[in-house]
Amino acid sequence: MRFEIKGLGQGYGDRTVLEDVSLSAESGEFITVLGPNGSGKSTLIRTICNVMSPRQGSLEIDGRAVGGMDRKELARIVSYVPQTCASFGYTTVFETVLMGRRPYSEWSYSEDDIRKAIDAMKVMSVDGLHDRYVSNLSGGQMQRVFIARSLAQDPEFYLFDEPTSSLDLKFQLESMNIMRSMVKERGSCLIVALHDLNLALRFSDKVLVLKDSHVYDFGPVSEVITPRMIAEVYGVRADIVENERGRYIQPYDYIGTVPCDL
Amino acid sequence: MENNVGGEVSRPGAEELVEVYAGWSRKRLVFLLSMSLGVAVVSVLALCVGAVDVPLADTVSVLFRGLMPGLIAEPSNPHYATIITEMRAPRIVLTVLTGVSLGIAGMVMQGLLRNPLVSPFTLGVSTASSFGAAMSIVFGTALFGTAYYTSFSILGMTFSFSSFSTVMMSFVFGLCSIAIVLFLTRDSNVSRSTVILSGVIISYIFQAGIMFAKYASDDDQLREIALWMMGGLSNVTWSTIVIVLPVVLVCGIYLEKLSSDINVLSSGDDVARNLGIDVRKLRNRGLVFSTLITTVCIAFTGIIGFIGLMAPHICRMLIGNDSRYLLPASALMGAAILLISDTFSRVVMRPEELPVGIIMYIIGGIFFIWLVCGKKLGDRA
């Protein structure tokens, strides 16, 4: 499947957050969205999954306008995990993951739905927490539960907004490996907003960089993540070091002054 | 339901987890059946007590003799049939329906707005209904002239115009409050906090109207307003039930149909939208139907507080947050709480009767202190 985004514009009130953003994503691709704080990464992810209607531009999946698709049909194609998720009161992990099957069910869940939710819990190692209330979990555990719900949704396109921000180092790598295997083994497409340039460098196929509401660059990871991009977009001087384990970014200085209220 | 908090977690097998889920469903069904049975038993006991006590055997005889005339003996006193069927049964049925309505409305509003403190009170419905009733009581003559003191018949049932006008005005203004809230929050990106805040603001405005009505009223009217706002279930006839029952049934069934979507909303608006839910439509419909089910009852009973807060909370703690089960459970819990409170209000000072609203405020206040002290509000949204 192919997701085509052309000339996308988005904002809140009078404030423009995204202008003329275009990208295409296909099954089997891992795309990372990078950019400094407030550059519009989360807004882009929310707009792509139709949680927000775009102000300008078009979103198409295999030539069909996303806005014209049935909500449940779209939910079977695109899943979304926001940066922070809510959980109200006494809702268990199992019930939360099972919500991912809502686009396939009516009032009740079938045994197939229940088994798919169990599989998703096992993949994200939250099956041991199945009867815990989500509101009592740590931030990292919650994030794994919400990724598991997204897996249960079984879509073609996964949209994750900072999915590793609350995870410890081990779970960051494990979650990214799981996402990578979803792309390689299941042929899904992932569009992930990240802050960690090293994770982006290590796991992505393509990178989209946002700066000042516009696309700074979009292309293969090795061409986009460069010391120049890091300096121009993040205001940080960095080297990209290569050794037998791969490439990684080593920042050594920042450009200009850090605001005094930091 | 919850275990292993903070401890070492074991990894159950897939079959074990399938059985766990089935077990939860069974537990919830058993709870619903037990609650239904409990409400039925309390209803029968409530029929027995009052200014005149009717023995249980006679109550059972009045209720079931028509079904099994050969097996059940006649009641020992011929007046018992009138007391039970004409005086107490309509009251008990309206009590159950009101408890059901307020329990459902509280659960739905809390689920839709992901806030455990939301109820028909918070969103201004009760205050607006009180305003309507107060306007009718104080300005009925000015509004309707001499017609205010007349009576009329519909389908063989006689209504006094003054009572009818109070019921209608409280019903209409109750619905108006939610219409204003929905109008103020019509922007699709409005947050749920704004919805709650709008309800609180509406409540204050109608409160000012109530104060004005009280200021303009004479002593009798003031007493009538005060009694209406305390809530009460006296003077109920079968004609009331004929009006209330269909609305409660239709709204209850419709809201149960929405319950699966309300579940998804507990994970946040964005996630719900991504899972195929039209959040704005769901919230608007849920709020309108839960207001309708509330106003149709409180128009007849006056203000009965706290059921909409207590019933869903208690049930959430007992069977979890799955709205498909929580909705009927809250309905039955609401019915049970109100039945017990109303029965207590009838017997505590008999032959006089205490307005049930007073009992509810006492129970509700104690419940809230327990919630706050025990930190059992359980919201992390």
Legend entry - Scan of the range B:294-352 for residues that are surrounded by 23 or more Cβ atoms within 10 Å (Cβ to Cβ) and basic (Lys, Arg), ordered by number: B:Arg316
Legend entry - the range A:203-262: number of residues that are out of contact with any Ser or Thr (no Cβ under 9 Å at 6 or more places or on another chain) and farther than 28 Å from A:Ser27 by Cβ: 31
Legend entry - Among (1) under 28 Å from the mean Cα position of the chain (by Cα); (2) outside any helix (DSSP H, G or I) - the single one B:Gly103 does not satisfy: (2)
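Being free of Cβ contacts under 8 Å to residues at least 24 places away in the same chain, under 20 Å from B:Val264 (Cβ atoms), more than 7 Å from every other protein chain (Cβ to nearest Cβ) and among the aromatic types (Phe, Trp, Tyr) narrows it down to one residue among A:Tyr104, A:Tyr109; which is it?
None of the other options fit; the residue is A:Tyr109.
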Inset, instruction - Tell me which of these A:Met121 doesn't satisfy, since it passes every other one: (1) crowded, with 24+ Cβ neighbours inside 10 Å; (2) within 26 Å of B:Met107 (Cα to Cα); (3) more than 7 Å from every other protein chain (Cβ to nearest Cβ). - result: (2)
Inset, instruction - Out of B:Pro69, B:Pro78, B:Pro120, B:Pro116, report the one residue that is within 14 Å of chain A (Cβ to nearest Cβ) and modelled with pLDDT under 85. - result: B:Pro116
Inset, instruction - At least 1 residues that are aliphatic (A, V, I, L, M) and touching a residue at least 12 places away in the same chain (Cβ under 8 Å) in each: list the helices (runs of 4 or more DSSP H) lying fully within the range B:198-316 that qualify. - result: B:219-230, B:238-265, B:279-301
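Being of a type outside the set (Gly, Ala, Ser), loosely packed, with under 14 Cβ neighbours inside 10 Å and farther than 25 Å from B:Gly50 by Cβ narrows it down to one residue among B:Phe164, B:Phe206, B:Phe152; which is it?
Matching residue, one of B:Phe164, B:Phe206, B:Phe152: B:Phe152.
Can you list the helices (runs of 4 or more DSSP H) found entirely within the range A:151-262 that contain at least 1 residues being of a type in the set (Phe, Trp, Tyr)? Reasoning before the result, please.
Working: elements: A:169-186, A:197-203, A:221-224.
By residue number, A:169-186, A:197-203.
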Legend entry - Candidate set: the range A:71-87, residues that are assigned to a loop (DSSP other than H, G, I, E, B) and touching an Asp or Glu at 6+ places or on another chain (Cβ under 6 Å); chosen: the one farthest from the other protein chains (Cβ to nearest Cβ): A:Gln83
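Do we have A:Tyr90 as facing another protein chain (nearest Cβ under 8 Å) and part of a strand (DSSP E or B) here?
On the way: facing another protein chain (nearest Cβ under 8 Å): yes; part of a strand (DSSP E or B): no.
No.
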Inset, instruction - Determine the pairs where a residue that is under 18 Å from A:Gly40 (Cα atoms), located within the range A:185-197, has a partner that is crowded, with 23+ Cβ neighbours inside 10 Å and charged (D, E, K, R) with Cβ atoms under 7 Å apart, the partner being 6 or more residues away or on another chain. - result: A:Ala193/A:Lys41; A:Ala193/A:Asp161
Legend entry - Whichever residue in the range A:126-149 is surrounded by fewer than 24 Cβ atoms within 10 Å (Cβ to Cβ) and small (Gly, Ala, Ser) and, among such residues, is farthest from the other protein chains (Cβ to nearest Cβ): A:Gly140
Inset, instruction - Test each condition in (1) closer than 23 Å to B:Tyr361 by Cβ; (2) within 14 Å of chain A (Cβ to nearest Cβ) for B:Asp187 and report the one that comes out false. - result: (1)
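Would you check if B:Ile196 is modelled with pLDDT of 90 or more and under 24 Å from the mean Cα position of the chain (by Cα)? So that I can check it myself, show each step before the final result.
Working: modelled with pLDDT of 90 or more: no; under 24 Å from the mean Cα position of the chain (by Cα): yes.
For B:Ile196, the condition - modelled with pLDDT of 90 or more and under 24 Å from the mean Cα position of the chain (by Cα) - is not met.
The values are calculated or read from the model by the stated rules, or taken from the named source; none is laboratory data. For clarity, every value in this text was computed on a predicted model and none was experimentally measured. Cβ atoms come from the backbone with ideal geometry, glycine included; neighbour counts cover every protein chain shown.
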